[in-house]
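The values are calculated or read from the model by the stated rules, or taken from the named source; none is laboratory data. Predicted model only: the values in this text are computed from it and were never measured. Neighbour counts are summed over all protein chains in view; Cβ atoms, including those assigned to glycine, are modelled from backbone coordinates with ideal geometry.
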Amino acid sequence: MMHASDPTDLSLLHRITARDTAALAELYDRHSRLLFGLILRIVRHRAEAEEILQEAFVRVWTRAETYDARLGGPLPWIVRLARNFAIDRLRARRSRAAIDTPAPGGRDAEAMPASDIQSPEAFVLDAERRQALTDALAGLPAEQRQLIEAAFFDGYTHSELAQRFGLPLGTVKTRIRTGMIAMRLHLEHGV
């Protein structure tokens, strides 16, 4: 994973703003694996995760000019886009599930589509990435880990977490940020 304010990413975003398709392709190559892993962890469906990843990069293409460097690096901005798309899709799926009543022997009884089958190499790479993230997350103090898991994988906002855990909003934000920094250091340097 690259540093959050990587000058290469910043340069690529500027080129994307100028409608350079090669810059979008390069940005995709640099970060699609990380984003796909995050999205897949949230939606838990490979084909849906692939769609969301594409939607996120379409949004980068169409909204690159809205990126504000004062609010953080390009990678965190793109991660937020992807994460928000995934959480929106998950919420929409839950809403549909609450409205729809599945018929006996319906879609749930169908076999997994062929598009969801991974090659052995991809399976191993995904497993290694998952293990690295799991190790980084497990190395955090419980108060940071719980907040990060609830925010990134369950879709809670910082305000919702403050209310749910009975903590001041600033404490929630600080614990999540500190935990994310520790995870990044672990992933980059094995610290």
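For the stretch 9-35, a residue qualifies if it is among the basic types (Lys, Arg) and under 22 Å from the mean Cα position of the chain (by Cα), and the qualifying residues are Arg30, Arg33.
Here the stretch 176-191 is the region considered, the condition is being closer than 20 Å to Ile87 by Cβ and surrounded by 14 or more Cβ atoms within 10 Å (Cβ to Cβ), and the residue that is nearest to the chain's Cα centre (by Cα) is Met180. Report, by residue number, each residue of the stretch 141-165 that is of a type outside the set (Gly, Ala, Ser), more than 19 Å from the chain's Cα centre (by Cα) and under 14 Å from Ala182 (Cα atoms). Result: Pro141, Glu143.
Per-residue answers, yes or no, for (1) in a helix (DSSP H, G or I); (2) modelled with pLDDT under 90; (3) surrounded by fewer than 16 Cβ atoms within 10 Å (Cβ to Cβ); (4) not hydrophobic (A, V, I, L, M, F, W, C):
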residue	(1), (2), (3), (4)
Ala22	yes, no, yes, no
Glu26	yes, no, no, yes
Asn84	yes, no, yes, yes
Ser95	yes, yes, yes, yes
